[in-house]
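Peer 1: Got a structure for you, questions after.
The values are calculated or read from the model by the stated rules, or taken from the named source; none is laboratory data. Keep in mind it's a predicted model, so treat the numbers as computed, not measured. Here the Cβ positions follow ideal geometry from the backbone for every residue, glycine too, while neighbour counts run over all protein chains shown.
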Amino acid sequence: MDSLMYLLNGFTVAFAPMNIMWVTIGGVLGTIIGMLPGLGPATGVAVLLPLTFTMGPEAALITMGGVYYGAMYGGSRASILINTPGDGAAVAATFDGYPMTLKGKAEAALAISAIASFIGGIFATLVMVAVAMPVARFALKFGPAEYFLLFLFALSATASMSKGDRIKGFISMVLGLMVATIGIDAQSGVKRFTFGILELQSGIDFLVIIIAIYALGEVFKSFQNIAEGKKKVQKEFGRIWISKEEWKRCVWPILRSSPLGFFIGALPGAGGTMAALMSYNNEKSLSRHPEEFGEGAIEGVAAPEAANNAASVGAMIPMLTLGIPGSGTTAVMMGALLMLGLQPGPMLFQQQSTVIWGLIASMFIGNIILAFVNIPMAGLLVRVLAVPPKILYPIVLGLAFVGTYAISYSVMDFYLLIIFGVVGYFLSKAKIPATPMILAIIVGNNMEQSFRRAYKISDGSLSIFWSSPLAIALIIITVLSVILPIIGDMRKKRAAGKGQTA
Amino acid sequence: MKKTLLLFTALLILSPLALTAMGQQGDSDQNVQYPKGNLDFVAPSGAGGGWDLTIRTTAKALKDTGLVKVPMPVRNNPGAGGSVHLASLQEKKGDDKTITVYSPPLILTKLAGTTDLDYNNVTPLARLIADYAVFVVKADSPYKSINDVMNSLKNDVKSVKIGGTSSAGSMDHLQFLIMAKAAGVKNLRDIDYVSFDDSGAAQVMGGHIDLFSTGLSEVLGLIQSGDLRALAQTAPHRVGEGVVADIPTCMEAGISATFVNWRGLFGPPEMPEYAVNYWRETLGKLRLTPEWEAARKTNGWDDAYLDAPDFKEFLVQADNEFRDILNEIGMLQN
């Protein structure tokens, strides 16, 4: 009940006209930043950092929070419309969002992504009010062994994500794991595959590869289509909304993905990208018609969108309750807290309760505002599809380069962008799916490092990987997630076989 | 053919001369008024880290005190533990506008073989502040003092798992080894050090590692709340107030060593003398202002001011100390 009192108090802060203005500005700014390839919430918050000097701590946190989840709303716009995710968390929205656009259902995809984001955000904020502390304490149970198993579970999604040919899916995954080993190995200090290039020592940022594979890949592909005269533009647009039937398909996926996303977000080091990919995989394996996934299933957009927005709320938990940054964005936010003279840590909730609860209350308001802003905004954005490719794709190309530069201000990344763009093109020619590679690049390094940490801590005994109940639970769900789709396939084949003989 | 080549060579030889002449002309102009126009403050890391925080705070304090009146926009040039920016500074020889921040990794990245550049390839202006290393354990850990840990390591070098957030051979690792060496632990090479990313504090709280070697300001909140117990810090004296002031130094525990995570400001290589003098003087003044003191207090930074000549001497000394330890654990590369 104390929480409710604090929350009411927080609303008095959040409802101050200035703070409503800040959350709107932050949210809209975040949406726009999220839409641009390469520019994600971390960049958005970093850009705001100098500005926060001039604000009070409440306003600063509220604005930065708005940018964070605003970026989650915006990230999927470009995924859906031009197959170019704005950041890692929006990759999953390309799987079904873009096929929906190709089928002329961009309006529904944009609408469900805003609706799912809204529900995910509100749900996660409600849960945060109730259980922030217990969740933060539970997350501490995740040691290196558990993290390894969690990343392994995420990677096992490859099995279901590679449409059709599993072997090609694994080829793609292995390529990704290889790329993930580039850079200085933190456990030994040894440089791996850096070829004497300074910029490669901190590894390759997965965002560069996402932009390369998707944005450049899309440009290359369209280039070919234009030449062959296949690419058409959409001329007529419907209302940005969904049908009752579509809503029915999405309710449960959204309600399942929101808590999942929230929890994954609350684990330091996991984050929105993992949350979105895991929830997508989860829905696919639970679905009664998994074959529609990847072909434009609306719940394939709803689930990851709900999850990544919930994850952005969850990610604030370790920062606010323990003073531990759980993601790149919250690390920057923590830097801002310090500059504002607040000491992050368990005492923050008590010492700065108005600031913290003001932030939490503003997340309710911010999500409502964003839902209202995003639906009409999507109505404008969808008209991108009416832009002739000749004009649209040069712009995409330009944005890809700008976005890449914004990641680490490194010209080296341009070369990587082009190299991986070409790699992506040939992968698609060879019908090798790119997503397992992306997923492997995102989790590969963390997975390997977690394994080595665990191995060192246990003095070289593998039993650490099944020595806690949590670890065993993770092993079970991983095994299930690999086996279930295979059993499903076999059943279907058998059923089909029976149908023929009968 | 030969003639063109000759001409080309002559041009090549002459061009730096011409450039210097032009540069000198520029110098005499600026001598009258420095700084002029925008300065270029650079954090060699991404936003939100220690370097970023330091340079932004410094820029703000310089502005608030009115010591510097020209704009001081801060930009980030991250990569390879600051080495990317260090390399790009080499293209700015003699520039008077770029001010950047570094800390012990400036020495360590070279020793680890990441780069061939180090403090000799920049112009030290002043050492400003210090944060100290602290060794923390879980609140219910059996280790009650730093000597408990060292004794346990002496009995069985594998018995205590040390965690940190920098990679092996880097700061969090070395600051512990310096203490272990001074405490008389043998075979430093066999001590298990586990490198984590941001979440190291969560790992020690969850009991996955035994001891977390980190910076005092990183875990201040968790020490204050009692979630973590600080066994010792590495300053030559007690620091801070409240629970922080209760943390004993390693010296008090009979380990005669200190570790200072200093942060200082640097200019590009061969920074002109007028600029160096300006910054030495300005930073010397800044250090005594109430604004700077307030900023230090907020961030939990100790005053560690050293003027450029002393700073340079200090860097050589720190370099030697790191070399010894890295050599001992077989990680010295350069």
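Peer 1: I'd like the full set of residues that are outside any helix (DSSP H, G or I), within 7 Å of chain B (Cβ to nearest Cβ) and either touching a residue at least 60 places away in the same chain (Cβ under 8 Å) or under 16 Å from B:V204 (Cβ atoms) (or both), limited to the stretch A:327-344. Give the derivation first.
Peer 2: Filtering the stretch A:327-344 down to residues outside any helix (DSSP H, G or I) leaves A:327, A:340-344.
Next, only the ones that are within 7 Å of chain B (Cβ to nearest Cβ) stay: A:341, A:343-344.
A:G341 - this is the single residue of the stretch A:327-344 that is outside any helix (DSSP H, G or I), within 7 Å of chain B (Cβ to nearest Cβ) and either touching a residue at least 60 places away in the same chain (Cβ under 8 Å) or under 16 Å from B:V204 (Cβ atoms) (or both).
Peer 1: Given the criteria within 14 Å of another protein chain (Cβ to nearest Cβ) and among the polar types (S, T, N, Q), does B:Q224 qualify?
Peer 2: It is true that B:Q224 is within 14 Å of another protein chain (Cβ to nearest Cβ) and among the polar types (S, T, N, Q).
Peer 1: For B:G215, state whether it is in contact with a Leu (Cβ under 8 Å, 6 or more places away or on another chain) and at pLDDT below 95.
Peer 2: Details: in contact with a Leu (Cβ under 8 Å, 6 or more places away or on another chain): no; at pLDDT below 95: yes.
Answer is no for this residue.
One line per residue, one yes/no per condition, for (1) within 13 Å of another protein chain (Cβ to nearest Cβ); (2) touching a strand residue (DSSP E or B) at 6+ places or on another chain (Cβ under 6 Å); (3) assigned to a strand (DSSP E or B):
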{"residue": "B:S152", "(1), (2), (3)": "no, no, no"}
{"residue": "B:S159", "(1), (2), (3)": "yes, no, no"}
{"residue": "B:S166", "(1), (2), (3)": "yes, no, no"}
{"residue": "B:L174", "(1), (2), (3)": "yes, no, no"}
{"residue": "B:A180", "(1), (2), (3)": "no, no, no"}
{"residue": "B:V204", "(1), (2), (3)": "yes, yes, no"}
{"residue": "B:I209", "(1), (2), (3)": "yes, yes, no"}
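Peer 1: Something else about it: Report the residue count in the stretch A:186-199 for those that are assigned to a loop (DSSP other than H, G, I, E, B), without any contact (Cβ under 8 Å) to a residue 12 or more places away in the chain and either within 12 Å of chain B (Cβ to nearest Cβ) or within 25 Å of the chain's Cα centre (by Cα) (or both). Give the steps one after another, and end with the answer.
Peer 2: In the first step, residues of the stretch A:186-199 are kept if they are assigned to a loop (DSSP other than H, G, I, E, B); the result is A:186-190, A:193-197.
Narrowing the set further to residues that are without any contact (Cβ under 8 Å) to a residue 12 or more places away in the chain leaves A:188-190, A:195-196.
Now narrow it down to the ones that are either within 12 Å of chain B (Cβ to nearest Cβ) or within 25 Å of the chain's Cα centre (by Cα) (or both): A:188-190, A:196.
Going through the stretch A:186-199 one residue at a time, the tally reaches 4.
Peer 1: Report, by residue number, each residue of the stretch A:380-396 that is surrounded by fewer than 15 Cβ atoms within 10 Å (Cβ to Cβ), assigned to a helix (DSSP H, G or I) and touching a residue at least 40 places away in the same chain (Cβ under 8 Å).
Peer 2: Answer for the stretch A:380-396, where residues must be surrounded by fewer than 15 Cβ atoms within 10 Å (Cβ to Cβ), assigned to a helix (DSSP H, G or I) and touching a residue at least 40 places away in the same chain (Cβ under 8 Å): A:R383, A:A386, A:K390.
Peer 1: Ok, one more. Any chance you could count how many residues in the stretch B:121-146 are crowded, with 19+ Cβ neighbours inside 10 Å, assigned to a loop (DSSP other than H, G, I, E, B) and of a type outside the set (A, V, I, L, M, F, W, C)?
Peer 2: Total meeting the criteria: 1.
Peer 1: Let me ask something else. Pick from the stretch A:462-495 the residues that are part of a helix (DSSP H, G or I) and among the small types (G, A, S): which of them is nearest to the other protein chains (Cβ to nearest Cβ)?
Peer 2: So the first thing to find is which residues in the stretch A:462-495 are part of a helix (DSSP H, G or I), and the list is A:462-466, A:469-495.
Cutting the leftovers down to among the small types (G, A, S) gives us A:463, A:471, A:473, A:481, A:488, A:495.
Working: A:S463: 15, A:A471: 12, A:A473: 16, A:S481: 25, A:G488: 36, A:A495: 47 Å.
Filtering the stretch A:462-495 for residues that are part of a helix (DSSP H, G or I) and among the small types (G, A, S), the one nearest to the other protein chains (Cβ to nearest Cβ) comes out as A:A471.
Peer 1: Right, another one. Taking the stated definitions as given, is B:M331 under 30 Å from B:A168 (Cβ atoms), within 14 Å of chain A (Cβ to nearest Cβ) and either in contact (Cβ under 8 Å) with a residue 40 or more places away in the chain or part of a loop (DSSP other than H, G, I, E, B) (or both)? Steps first, please.
Peer 2: On the way: under 30 Å from B:A168 (Cβ atoms): yes; within 14 Å of chain A (Cβ to nearest Cβ): yes; either in contact (Cβ under 8 Å) with a residue 40 or more places away in the chain or part of a loop (DSSP other than H, G, I, E, B) (or both): yes.
Considered against the rule, which asks whether it is under 30 Å from B:A168 (Cβ atoms), within 14 Å of chain A (Cβ to nearest Cβ) and either in contact (Cβ under 8 Å) with a residue 40 or more places away in the chain or part of a loop (DSSP other than H, G, I, E, B) (or both), B:M331 comes out as yes.
Peer 1: Follow-up question, since we're still on this one. Just to verify a result, which residue in the stretch B:282-334, among those that are of a type in the set (A, V, I, L, M) and under 12 Å from B:A61 (Cβ atoms), is surrounded by the fewest Cβ atoms within 10 Å (Cβ to Cβ)?
Peer 2: Let us first name the residues in the stretch B:282-334 that are of a type in the set (A, V, I, L, M), namely B:283, B:286, B:288, B:294-295, B:304, B:306, B:308, B:315-316, B:318, B:325-326, B:329, B:331-332.
Still in the list and also under 12 Å from B:A61 (Cβ atoms): B:283, B:286, B:288, B:294-295.
On the way: B:L283: 23, B:L286: 21, B:L288: 11, B:A294: 13, B:A295: 21.
Here the answer is B:L288.
Peer 1: Here's a follow-up. Considering only the stretch B:190-202, I want to know if a residue exists there that is touching an Asp or Glu at 6+ places or on another chain (Cβ under 6 Å) and either surrounded by fewer than 23 Cβ atoms within 10 Å (Cβ to Cβ) or closer than 25 Å to B:G48 by Cα (or both). Steps first, answer last, please.
Peer 2: Of the residues in the stretch B:190-202, the ones touching an Asp or Glu at 6+ places or on another chain (Cβ under 6 Å) are none.
Checked against the condition, which is being touching an Asp or Glu at 6+ places or on another chain (Cβ under 6 Å) and either surrounded by fewer than 23 Cβ atoms within 10 Å (Cβ to Cβ) or closer than 25 Å to B:G48 by Cα (or both), the stretch B:190-202 yields no hits at all.
Peer 1: Let me ask something else about it. Name the residue, out of A:V67, A:V47, that is closer than 20 Å to B:I55 by Cα and either out of contact with any strand residue (DSSP E or B) (no Cβ under 9 Å at 6 or more places or on another chain) or away from every other protein chain (no Cβ under 12 Å) (or both).
Peer 2: Values: A:V67 fails: closer than 20 Å to B:I55 by Cα.
Checking each option against the conditions leaves just A:V47.
Peer 1: May I ask you to verify whether B:Y102 is at pLDDT 90 or above, closer than 24 Å to A:M412 by Cβ and more than 14 Å from chain A (Cβ to nearest Cβ)?
Peer 2: yes
Peer 1: While we're looking at this one, here's another question. If we keep just the residues of the stretch A:246-299 that are in contact with a Lys or Arg (Cβ under 6 Å, 6 or more places away or on another chain) and not in a loop (DSSP other than H, G, I, E, B), which is surrounded by the most Cβ atoms within 10 Å (Cβ to Cβ)?
Peer 2: Ranking the qualifying residues of the stretch A:246-299, first place goes to A:E299.
Peer 1: Residue under question is B:G113, and the condition is that it be crowded, with 23+ Cβ neighbours inside 10 Å and in contact (Cβ under 8 Å) with a residue 60 or more places away in the chain; does it hold?
Peer 2: Judged against the criteria, B:G113 is not a match.
Peer 1: Just to verify a result, which residue in the stretch A:119-147, among those that are within 10 Å of A:T321 (Cβ to Cβ) and touching a residue at least 60 places away in the same chain (Cβ under 8 Å), is farthest from the other protein chains (Cβ to nearest Cβ)?
Peer 2: A:M128
Peer 1: Limited to the stretch B:235-264, what total is found for residues that are assigned to a loop (DSSP other than H, G, I, E, B) and either among the charged types (D, E, K, R) or at pLDDT below 90 (or both)?
Peer 2: 9
Peer 1: Being outside any loop (DSSP other than H, G, I, E, B), in contact with a helix residue (DSSP H, G or I) (Cβ under 9 Å, 6 or more places away or on another chain) and over 17 Å from B:T258 (Cα atoms) is the filter here, so list the residues in the stretch B:286-305 that pass it.
Peer 2: Here is the first cut: in the stretch B:286-305, the residues outside any loop (DSSP other than H, G, I, E, B) are B:286, B:290-299, B:302-305.
Pick out the ones that are also in contact with a helix residue (DSSP H, G or I) (Cβ under 9 Å, 6 or more places away or on another chain) and you get B:286, B:291-292, B:294-296, B:298-299, B:302-303, B:305.
Hits for the stretch B:286-305 are B:L286, B:E291, B:W292, B:A294, B:A295, B:R296, B:T298, B:N299.
Peer 1: Since A:P433 meets every condition but one in (1) part of a helix (DSSP H, G or I); (2) more than 13 Å from chain B (Cβ to nearest Cβ), which condition does it not meet?
Peer 2: Tallying (1) part of a helix (DSSP H, G or I); (2) more than 13 Å from chain B (Cβ to nearest Cβ), A:P433 fails exactly one: (1).
Peer 1: Quick one: which residue in A:L348, A:L392 is under 20 Å from A:M5 (Cα atoms) and either at pLDDT below 85 or more than 14 Å from chain B (Cβ to nearest Cβ) (or both)?
Peer 2: Exactly one of A:L348, A:L392 is under 20 Å from A:M5 (Cα atoms) and either at pLDDT below 85 or more than 14 Å from chain B (Cβ to nearest Cβ) (or both), namely A:L348.
Peer 1: How do the pairs read when you match residues in the stretch A:450-461 that are facing another protein chain (nearest Cβ under 7 Å) with residues anywhere that are aliphatic (A, V, I, L, M), using Cβ under 6 Å and keeping only pairs 6 or more apart or on different chains?
Peer 2: Here the result reads A:R453/B:V194; A:K456/B:V194, each pair linking the stretch A:450-461 to a residue that is aliphatic (A, V, I, L, M).
Peer 1: Go over the candidates A:T31, A:T43, A:T52 one by one and state the one that is under 17 Å from the mean Cα position of the chain (by Cα), over 23 Å from A:I375 (Cα atoms), among the β-branched types (V, I, T) and crowded, with 21+ Cβ neighbours inside 10 Å.
Peer 2: Numbers: A:T31 fails: over 23 Å from A:I375 (Cα atoms); A:T52 fails: under 17 Å from the mean Cα position of the chain (by Cα).
Of the residues listed, the single one that is under 17 Å from the mean Cα position of the chain (by Cα), over 23 Å from A:I375 (Cα atoms), among the β-branched types (V, I, T) and crowded, with 21+ Cβ neighbours inside 10 Å is A:T43.
Peer 1: So is B:D197 touching a Gly at 6+ places or on another chain (Cβ under 7 Å) and under 25 Å from A:N445 (Cβ atoms) or not?
Peer 2: Against the criterion (touching a Gly at 6+ places or on another chain (Cβ under 7 Å) and under 25 Å from A:N445 (Cβ atoms)), B:D197 qualifies.
Peer 1: For the stretch B:50-96, name all the residues that are at the interface with chain A (Cβ under 7 Å from one of its Cβ atoms), outside any helix (DSSP H, G or I) and of a type in the set (G, A, S).
Peer 2: Residue satisfying the conditions is B:G79 alone.
Peer 1: Another question, then. Is it the case that B:R189 is among the basic types (K, R), touching a residue at least 40 places away in the same chain (Cβ under 8 Å) and assigned to a strand (DSSP E or B)?
Peer 2: It is false that B:R189 is among the basic types (K, R), touching a residue at least 40 places away in the same chain (Cβ under 8 Å) and assigned to a strand (DSSP E or B).
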